[in-house]
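The values are calculated or read from the model by the stated rules, or taken from the named source; none is laboratory data. Remember, it's a predicted structure, so these values are computed and weren't measured experimentally. Cβ: placed from backbone, ideal geometry, glycine included. Neighbour counts: every protein chain shown. Surface accessibility is based on the protein's heavy atoms, side chains included, excluding ligands, DNA and RNA. Shrake-Rupley method; radii C 1.70, N 1.55, O 1.52, S 1.80 Å.
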Amino acid sequence: MKKFIPFILMAGIIVMFSCTPKERSAEQAQAPIIEKPQLKLQSDIMTPEVLWSFGRISEVVVSPDQTTLLFGITYYSKEQNKGNRELYTLGVDGKNLKQITNTPFSEYGALWRPDGKKIGFMSPESGSMQLWEMNPDGSGRVKISEVADDGITGFSYSPDGKKVLYTAEVKIDKTVKDLYPDLPLSSGRVMNDIMYRHWDTWVDTYSHVFIADYDGVKLTHPVDILKDEPYESPLKPFGGMEQITWSPDSKTVAYTCRKKKGKEYSLSTNSDIYLYDIASGKTSNLTEGMMGYDVAPAYSPDGKKIAWQSMEHDGYESDKNRLFVWDSEKGTKTDYTKNFDQNADLISWSNDGKSIWFISDWHATDEIYRLDLADGKITKITDGIHDYQTVQQAGNLLIATRVSMSKPVEIYSVDPATGKDTEISFVNKDLLDQLAFGKVSKRWIKTTDNKEMLTWIIYPPHFDSTKKYPTLLYCEGGPQSTVSQFWSYRWNFQMMVAGDYIVVAPNRRGLPGFGQAWNEEISGDYGGQNMKDYLSAIDEMCKEPYVNKDKLGCIGASYGAFSVYWLAGNHHKRFKAFIAHDGMFNLEAQYLETEEMWFANWDLGGPFWDKNNKIAQRSYANSPHRFVQNWDTPILVIHSELDYRIPVTQGMQAFNAAILRGIPAEFLYFPNENHWVLKPQNGILWQRTFRSWLDRWLK
């Protein structure tokens, strides 16, 4: 599954809605406020509890006068088994850090009001998620909206400050209770089309965009611009408010939508950018005839142009992300990345409207780039061993968030002329200063077809080259998701090497950042060259004297877990332990169990019953369940009930097969998690089980 940053916030909102509004509000009000832990560590080696103690920065927004940053930090409590997000402000020069909220409710989606005099944010304090406002110092907290049911899921102010756009879930389809009022206690569902559930929820409602009048006190006269349409904006499950935007003159709203339903929706990635004219109420399709994902529209400062991210092919979620610009005066749509063999993500305009900033992955790091519209030139601004996650301009500087395999998210200012970056937030410095992290090194390894493959090697803290270390082959998910310099709270490389393991993380075939041809080699070839790439990486590292080739493990999630399952039947006794999290085990079953059929059709080549389809038949012939007779190595299977992308039955099949084959196996099951593990105690249990399994078989 590809990386989608906006979902991090939405996941937190969704987790909160597990009980009724009144129960939720009362429970939160009574609980102690979760704040930054003050830890004095007894050891410099990271533990799961320490990992969950880091502050998680998100949603950095520059003030209208471009002097102050607004952002949130989430801290988690193991005891309360949840997180709490507070809001902070910080000067763009890194001075005057201030915490401006201190409540048990969590504040989300905070924005500066266009006049800079107020800060708007979402809070569930009243029992449902509503729009609130406060002064920039945190005083004068007042509720602004009264949206029914669970309230709103996102919002933004019109540039003139006279209207507010918000998103909310709308019920359109009839339920059993609507059809049969005399059966109010029935829990049954009646479906007559597919796509009845998505990611981790059943499709009972649709996210719609509303536009309401705003007088500085309350919202009135809301208009649903998708009224009665069984479509969603933003796109689920990962889309956020970056997919909906105002024109600078406040007369038009551009939004992302895939206007399809059921089977048609499940087979297509063809989303479009729609323009809604507020005065007339009419909607036009800016990207009609463009067949892939078209998302995240961004108006130029003068309102004459719109930039957006566009994929070319329908049904291909990992296609190249192109940077398109529509010029309203010329009536043209231009692909400025036609000769740029990389993705263009997370776009934002320069203040003068002459350039566009974006982030692109190249050779397993995500860097900041600039597109100059006058000549179409693309310039790489930053370079290093890190991943930039967001970028926006503040005066003469860029404000960006950055992570690495050795550091969670912090805020940086970047000189656009030189690329020099300066950390300004230091939220986690006190904790990082107490920890020893392993060295991360870059290594190019030759593949079986004589290509060069970038592989990250992560060494244990206090590494001693005279010793021999058990070593883990990390298999990446996606499948088309780079092994970049990410920081994860589950698949955290520093957490892994803290157990005195070496980690080998190859950028095997089928990952972006090495040209589109390299990226596309995996589709229809799941058991092919990319598996050889994995073995090339671990075999090369086994030549090192400090690698214990008799104590090798293989680990991965999602497509990475498919890789683990496949290698379990094809590793020729290289490995002594396997761990597979939420992986595809039986591709024929997976084809009919998953929700997004475009993914299965593109990557597997089509349905298993199409016997004349050579690509599809090759895919199913390489399904891991066909090699179970070769399994001979202990395996830990992890899977979650709410994973509708790769249903839990896939993990159950793998675990049951291992037990029936007499293979030592363990099954870690989460009834209330999705494709990820988001709750603190579940996350700590995950880490403890992960480590104990490896220690049992590799030490």
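At-a-glance table
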| read-out | value |
| --- | --- |
| Segment 301-351, residues that are open to solvent by less than 50 Å² (accessible area, probe 1.4 Å), farther than 24 Å from Gly605 by Cα and hydrophobic (A, V, I, L, M, F, W, C) | Ile306, Ala307, Trp308, Leu323, Phe324, Val325, Phe340, Ala344, Ile347, Trp349 |
| Search result, residues across segment 621-637 that are more than 18 Å from Phe575 (Cβ to Cβ) and part of a helix (DSSP H, G or I) | Ala621, His625, Arg626 |
| Pair list, Cβ under 6 Å, 6 or more apart: segment 585-614 residue under 21 Å from Glu521 (Cα atoms), other residue part of a helix (DSSP H, G or I) and β-branched (Val, Ile, Thr) | Gly605/Ile615 |
| Single condition Ser484 does not satisfy, out of (1) open to solvent by 10 Å² or more (accessible area, probe 1.4 Å); (2) under 21 Å from Asp345 (Cβ atoms); (3) polar (S, T, N, Q) | (1) |
| Segment 429-449: number of residues that are touching a helix residue (DSSP H, G or I) at 6+ places or on another chain (Cβ under 8 Å), among the hydrophobic types (A, V, I, L, M, F, W, C) and more than 21 Å from Glu410 (Cα to Cα) | 1 |
| Pair list, Cβ < 7 Å and 6+ apart or interchain, from segment 80-95 residues that are closer than 22 Å to Trp112 by Cβ to residues that are in a strand (DSSP E or B) and aromatic (Phe, Trp, Tyr) | Arg85/Tyr108; Leu87/Phe121; Tyr88/Phe71 |
| Residue count for segment 658-695, restricted to those that are part of a helix (DSSP H, G or I), touching a residue at least 60 places away in the same chain (Cβ under 8 Å) and either open to solvent by 40 Å² or more (accessible area, probe 1.4 Å) or hydrophobic (A, V, I, L, M, F, W, C) (or both) | 9 |
| Considering residues of segment 247-277 that are in contact with a Pro (Cβ under 6 Å, 6 or more places away or on another chain) and touching a residue at least 60 places away in the same chain (Cβ under 8 Å) only, the residue farthest from His208 (Cα to Cα) | Pro248 |
| Selection count where residues are crowded, with 19+ Cβ neighbours inside 10 Å and either without any contact (Cβ under 8 Å) to a residue 60 or more places away in the chain or of a type outside the set (Val, Ile, Thr) (or both), scope segment 211-224 | 3 |
| Counted residues, segment 354-403 - those being surrounded by fewer than 18 Cβ atoms within 10 Å (Cβ to Cβ), among the β-branched types (Val, Ile, Thr) and part of a strand (DSSP E or B) | 1 |
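Conditions (1) assigned to a loop (DSSP other than H, G, I, E, B); (2) closer than 22 Å to Gln529 by Cβ; (3) among the β-branched types (Val, Ile, Thr), marked per residue:
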| position | (1), (2), (3) |
| --- | --- |
| Ile579 | no, no, yes |
| Glu595 | yes, no, no |
| Asn601 | no, yes, no |
| Gly606 | yes, yes, no |
| Asp610 | yes, no, no |
| Ser619 | no, yes, no |
| His639 | no, no, no |
| Ile646 | yes, no, yes |
| Gly651 | no, no, no |
